[in-house]
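Any read-out appearing in this document is the output of simple, stated calculations on the displayed coordinates, not a laboratory observation. Keep in mind it's a predicted model, so treat the numbers as computed, not measured. A quick note on method: Cβ atoms are made from the backbone with ideal geometry, for glycine too, and the neighbour counts reach across all protein chains shown.
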Amino acid sequence: MYSILMFPIFFAFLWLAAVVFWIYCIVEVARIPDTQFRAVGSEKIVWLLIVILTQAIGSLVWWFAKRTDVLAAAGRIPTPPPGWYPEHASGPLRWWDGNRWTEWRHVPPPPAPPAY
């Protein structure tokens, strides 16, 4: 009698653990930047869809097949080269020296009026 009651309880805990693991993997894949996936030749949206649509199986595939490579790619992402980059959508340009932002700014001239 005791073993008959333990069987459904065991599978209920197993199911709960699988759901928690699945949600953890969804959040983890969603939080990793796209550039880390591209650094290892993969796409973030593909792995997000695999994990979401195939649930626990997709989570296990992510965990054992790609997770280590993607997380290790964090240090291999190159920084942007030195140059002028827009500070805001239509604001001034700011100089990136390859390691950090400097205080140098350049305000581009306003566009010329159209000639009629």
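For the reader, a short list of remarks on this structure follows.
- In plain terms, the C-alpha convex hull of segment 1-41 casts an average shadow of 3.6 nm² when viewed from every direction.
- Extents of the chain, taken as max minus min of Cα coordinates on every principal axis and listed largest first, are 90, 36, 25 Å.
- Each Cα pair under 8 Å and six or more residues apart adds its sequence gap; the mean of these over the residue count of the chain is a relative contact order of 16 percent.
- Counting only Cβ charges, +1 for Lys and Arg and -1 for Asp and Glu, the dipole size of the chain around its Cα centre is about 80 debye.
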